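Enquirer: Right, I'll just put the structure down here and ask away after.
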């Protein structure tokens, strides 16, 4: 890959998505830890599904796409276990 060139628009998009995912890692449960956790888990969920869909387009990465999709579903399940309001 190092020897290949990439479209600058695609590179900028990938960097933006990575920045967004890293930004969501900031977990500071000041007022409502469950809400903060749901936001973080939701960000990962929204990041992982497009990655899995992209890998589905290449037949040789189907196993990885399946695992990524399963991980996203586990995150959604964990998020669903968090209370909607602080008790």
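Laboratory data are not the source of any read-out in this text; all were calculated from the coordinates shown. This one's a predicted model, so the numbers in the text were calculated from it and none came from an experiment.
Enquirer: Please work out how much length the chain gains when fully extended from residue 18 to residue 46, using 0.36 nm per residue of separation minus the C-alpha to C-alpha distance, in nm with one decimal. Please list the in-between numbers first.
Expert: Numbers: separation 28, 0.36 × 28 = 10.08 nm, distance 1.20 nm.
Using 0.36 nm per residue and subtracting the Cα-Cα distance, I get 8.9 nm.
Enquirer: Further question on the same structure: Once you have the Cα-Cα distance between residue 59 and residue 34, take 0.36 nm times their residue separation minus that, and quote the gain in nm to one decimal.
Expert: Residue separation times 0.36 nm, minus the Cα-Cα distance, leaves 5.2 nm.
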